[in-house]
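Everything on this sheet refers to the single structure shown next.
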Protein chains: 2
Amino acid sequence: MARPKPLSGFPEFLPAGRIVEQRVLDILRETFELHGFASIETRAVETMETLTRKGEITKEVYVVRRLHADEAQPEKDDLGLHFDLTVPFARYVLENAGHLAFPFRRYQVQKVWRGERPQEGRYREFLQADIDIVGQDSLPEHFDVEAPLVMLAALERMHVELGLPQALMHVNNRKLAEGFYRGLGITDTLEVLQRVDKYDKIGAEAVAALLTEELGLSAEVAAKCVALAGICTPDDSFVEQVRALGVQHEMLDEGLAALQAVINEANRRVPGRMVADMKIARGLDYYTGTVYETELVGHEKLGSISSGGRYDSLASDGKTTFPGVGISLGVTRLLGPMITKGQITATRSVPSAVLVAVDAEETRDVAQEVAAALRARRIPCEVAPKADKFGKQIRYADRRGIPFVWFGGLQGQAKDIRSGEQVEADASSWMPPAEDLRPGVSIAG
Amino acid sequence: MARPKPLSGFPEFLPAGRIVEQRVLDILRETFELHGFASIETRAVETMETLTRKGEITKEVYVVRRLHADEAQPEKDDLGLHFDLTVPFARYVLENAGHLAFPFRRYQVQKVWRGERPQEGRYREFLQADIDIVGQDSLPEHFDVEAPLVMLAALERMHVELGLPQALMHVNNRKLAEGFYRGLGITDTLEVLQRVDKYDKIGAEAVAALLTEELGLSAEVAAKCVALAGICTPDDSFVEQVRALGVQHEMLDEGLAALQAVINEANRRVPGRMVADMKIARGLDYYTGTVYETELVGHEKLGSISSGGRYDSLASDGKTTFPGVGISLGVTRLLGPMITKGQITATRSVPSAVLVAVDAEETRDVAQEVAAALRARRIPCEVAPKADKFGKQIRYADRRGIPFVWFGGLQGQAKDIRSGEQVEADASSWMPPAEDLRPGVSIAG
């Protein structure tokens, strides 16, 4: 077999990169569980019927078929890989509603797949971490603050513990924009929303041009829409600024009050990490209330690494409706470029804190006993693969970043190969410094 | 959307079942890392060329195509879902050989997919946990003992900590069987091996019949093959029993010595957990030395839950050969039936150890502060979704198996809702009993 080449869009990490990813996943899991979210995993495939319910997304689906499937098999039985974790979760809730306790808080960390055309920076397989809270028939509004604060807590730990950039969440409310447009006499508000969604990419003037040229809005009305989108405040002063535009609508009032509650509560609990931003639209998604996007400060070009919002009807079986609010973190989007470029890496490529040296193949048993004693106290270690000269065994450790080499038996010597310091050590009590017990994460620059 | 039905062969667990699975995965990860294995993940898809290298397995592959892919696209560009973790790992090793340090010890825990026809007990998506040690050009034989002992260590923890049945590993060596068959004058030894592989299913007499009828072996030669397959000893007394069959071959000597070394070392380190079993063949796999299968004691009908062996050439790029030895645990095979039937479950369906009650919506802030104080000391908790009557809030906790309800502020009261005991508690110092901090696992019967 010739040396294989990577497949574009399907990122894979070397072991040190994977250690960074694992640390991030550990932080996510611990944060989610501390907040009472239960883990679920759904199968990788859904029926094409489930995947295509929302129309728009079908172009990106990977279809899955048995190699020797009957070619005449009707297409509606085909399966596709899930392209997000929301559609599978909605299906899971409906399928298992009788066995779940509502409100149901779940987290889900899985790969998703999108059949994008191969191009730079587009992932076709990537890891998402979602949290959602879903109610039966109703779901209190305070969850609109709770869900994003849980994700912010996880992102804050990544900043403090791993040195990742700080996160800033931009929040809006669909009712605010929709009420505002209606107050202006616009009926097809979704069309406006989808154009405002391009504000960050193309700028205010270009959006105004789209609104007048494509939707036939008057210059004055388009200007108001663009003015709304330009409002972004770190506190609830957005309310006054929106009011100053002079538009009146009941739904606008509702949206303003809801967003005000979210931003004030967030500012009370995590000051400075959330702004009210009227240009956040989440254009193609079926949100009905609060919506979230998240930037990394200083890395705004990455786009939103964590987005979500509220659905009045995450799922419905015709009789019962399940409203939900949730937020998703693009783990690969966050880490992939930094890991691939080597901007973030682990201090070693293996879990081992200690390499137990082997004197001679005849005494490998002794080294195994030392390793067993260390492992019994949760010190990751490995035994040298060959009874080479000690210099070669030390190089084995050095090449992997293993900080300590153990010589001798249970009463032996532990050498820190970074400093060269070697001390008498008892395998039943010696401990490496806490920071060496597992690999650290280091960031370039 | 009508209530969806499960897809046959694609198991999904309710939250309590998932907690059991997570506990098993935690044990696997910790055990593997304590032994110095580095985690990697590979993409879910491989090129069809990579997947079909070994021929036999192609009938079970799921092909993956973009929904709107050009129908005229040549089939060799097609992708398929991986059906095991060995083929992707071999590809990963070749692709990244220049960046890996050998011997390379990796573990990999991922879903795999097989396009089986739907039928009872056959999974089409399931979770595997693999460890392999791979060398460049050569790999010392002592790894043939190390790899299975790591898996046995993980299985032993599942037995002790979670109450799963104990494991018994059956070990053989391909050279032993092949040398024996050659010593009998048989040339197509693989044909014999594949029939001996059915020994457990169809019995000794039926295997002998296959050997004489399908392969034209004499009754005497067939009898010797079957006699070999019948040898199974908990120590190295198999050597004498094989010798007593009177067959001579250099490769047989080699296989006997290698298996003797493995069984003696295993008996020294974990007495009673490994037997030498001459009927273990791993018929269709390309092993070249030691082979492993693992039964759960008292649940032999499940078949082998953990199998593996040594490859002289796990991968090769024509110039360099990468020998490897590894073993794979079928996590879904092990847990799926027990979880689905409710024979094993978690003591609660959520991570929360505490529900913080809410007096009135106006004082939800107070409850949030209590929750933050508990989380700061790593106590998983959630705040009641509504300021219902306390009885209703207690029922909320009870339905999820949450053991404690907190009333009042930072200086409040913690009620154990199982015993009814309620104590004064300070949110900055109170701790639940250690065993209540995370969900336990309980086994029926």
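The values are calculated or read from the model by the stated rules, or taken from the named source; none is laboratory data. Small disclaimer: the values here were computed from a predicted structure and weren't measured. FYI the Cβ positions are ideal-geometry reconstructions off the backbone, even for glycines, and counts take in every protein chain you see. Keep in mind that these areas ignore ligands, DNA and RNA; they rest on the heavy atoms of the full protein, side chains included. Shrake-Rupley method; radii C 1.70, N 1.55, O 1.52, S 1.80 Å.
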(request) Could you list all residues from the range A:1-32 that are aromatic (Phe, Trp, Tyr) and either within 7 Å of another protein chain (Cβ to nearest Cβ) or open to solvent by 10 Å² or more (accessible area, probe 1.4 Å) (or both)? (result) A:Phe10, A:Phe13
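Consider the range B:203-214. How many of its residues are assigned to a helix (DSSP H, G or I) and either loosely packed, with under 12 Cβ neighbours inside 10 Å or within 34 Å of the chain's Cα centre (by Cα) (or both)?
Initial filter on the range B:203-214 (assigned to a helix (DSSP H, G or I)): B:204-213.
Among the residues that remain, those that are also either loosely packed, with under 12 Cβ neighbours inside 10 Å or within 34 Å of the chain's Cα centre (by Cα) (or both) are: B:204-208, B:210-211, B:213.
The number of residues fulfilling the criteria is 8.
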(request) Confirm whether B:Val275 is touching a residue at least 60 places away in the same chain (Cβ under 8 Å) and over 27 Å from B:Arg53 (Cβ atoms). (result) yes
(message) I'm trying to understand the selection: among the residues of the range B:355-382, which are at the interface with chain A (Cβ under 9 Å from one of its Cβ atoms) and in contact with a strand residue (DSSP E or B) (Cβ under 8 Å, 6 or more places away or on another chain)?
(response) B:Leu355, B:Arg364, B:Gln368, B:Ala371, B:Leu374, B:Arg375, B:Ile379, B:Pro380, B:Cys381, B:Glu382
(request) Return only the number of the condition from (1) open to solvent by 10 Å² or more (accessible area, probe 1.4 Å); (2) out of contact with any Gly (no Cβ under 7 Å at 6 or more places or on another chain); (3) part of a strand (DSSP E or B) that B:Glu362 does not satisfy. (result) (3)
(message) Can you confirm whether B:Gly203 is more than 14 Å from chain A (Cβ to nearest Cβ) and either under 29 Å from B:Arg333 (Cα atoms) or modelled with pLDDT of 95 or more (or both)?
(response) yes
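Give the range A:260-272 a look and list any residue that's part of a helix (DSSP H, G or I) and either open to solvent by less than 20 Å² (accessible area, probe 1.4 Å) or without any contact (Cβ under 8 Å) to a residue 40 or more places away in the chain (or both), or say none.
In the first step, residues of the range A:260-272 are kept if they are part of a helix (DSSP H, G or I); the result is A:260-269.
Passing the criteria: A:Gln260, A:Val262, A:Ile263, A:Asn264, A:Ala266, A:Asn267, A:Arg268.
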(message) Could you check the range B:294-347 and list, in sequence order, the residues that are farther than 20 Å from B:Val109 by Cβ, part of a strand (DSSP E or B) and away from every other protein chain (no Cβ under 14 Å)?
(response) B:Glu295, B:Arg310, B:Asp312
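Any residue at all in the range B:191-199 that is modelled with pLDDT of 95 or more, open to solvent by 20 Å² or more (accessible area, probe 1.4 Å) and either more than 21 Å from B:Asp144 (Cα to Cα) or hydrophobic (A, V, I, L, M, F, W, C) (or both)?
no
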(request) Take the range B:33-74 and flag every residue that is open to solvent by less than 10 Å² (accessible area, probe 1.4 Å), out of contact with any Asp or Glu (no Cβ under 9 Å at 6 or more places or on another chain), at pLDDT 95 or above and within 8 Å of chain A (Cβ to nearest Cβ). (result) B:Ala38
(request) Please enumerate the residues belonging to the range B:181-190 that are crowded, with 17+ Cβ neighbours inside 10 Å and among the small types (Gly, Ala, Ser). (result) B:Gly183
(request) Output the residue which, of all residues in the range B:348-359 that are over 35 Å from the mean Cα position of the chain (by Cα) and in a loop (DSSP other than H, G, I, E, B), is surrounded by the fewest Cβ atoms within 10 Å (Cβ to Cβ). (result) B:Asp359
(message) Among the residues of the range B:215-257, what is the count of those that are free of Cβ contacts under 8 Å to residues at least 12 places away in the same chain and open to solvent by less than 30 Å² (accessible area, probe 1.4 Å)?
(response) 0
(request) Determine if the range B:181-193 includes at least one residue that is touching a His at 6+ places or on another chain (Cβ under 7 Å) and over 18 Å from B:Thr233 (Cα atoms). (result) yes
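Keeping to the range B:383-427, report how many residues are hydroxyl-bearing (Ser, Thr, Tyr) and either away from every other protein chain (no Cβ under 14 Å) or open to solvent by less than 10 Å² (accessible area, probe 1.4 Å) (or both).
At the first step, the residues of the range B:383-427 found to be hydroxyl-bearing (Ser, Thr, Tyr) are B:396, B:419.
Subsequent filtering for residues that are either away from every other protein chain (no Cβ under 14 Å) or open to solvent by less than 10 Å² (accessible area, probe 1.4 Å) (or both) retains B:419.
Number of matching residues: 1.
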(request) Test B:Ala257 against the stated conditions and say whether it is in a helix (DSSP H, G or I) and under 20 Å from B:Thr294 (Cα atoms). (result) no
(request) Give me a count of the residues in the range A:419-445 that are touching a residue at least 24 places away in the same chain (Cβ under 8 Å) and not in a loop (DSSP other than H, G, I, E, B). (result) 4
(message) I'd like the full set of residues that are open to solvent by 10 Å² or more (accessible area, probe 1.4 Å), within 23 Å of A:Leu164 (Cα to Cα) and of a type in the set (Ser, Thr, Tyr), limited to the range A:273-327.
(response) A:Ser304, A:Ser307
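Can you name every residue in the range B:379-398 that is more than 20 Å from A:Phe32 (Cα to Cα) and either acidic (Asp, Glu) or not in a loop (DSSP other than H, G, I, E, B) (or both)? It would help to see each step written out before you state the result.
Going through the range B:379-398, the residues more than 20 Å from A:Phe32 (Cα to Cα) turn out to be B:386-395, B:398.
Answer for the range B:379-398, where residues must be more than 20 Å from A:Phe32 (Cα to Cα) and either acidic (Asp, Glu) or not in a loop (DSSP other than H, G, I, E, B) (or both): B:Asp388, B:Phe390, B:Gly391, B:Lys392, B:Gln393, B:Ile394, B:Arg395, B:Asp398.
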(message) Residues that are away from chain A (no Cβ under 13 Å): list the strands (runs of 3 or more DSSP E) wholly contained in the range B:89-199 that include at least 2 such residues.
(response) B:125-134, B:167-173
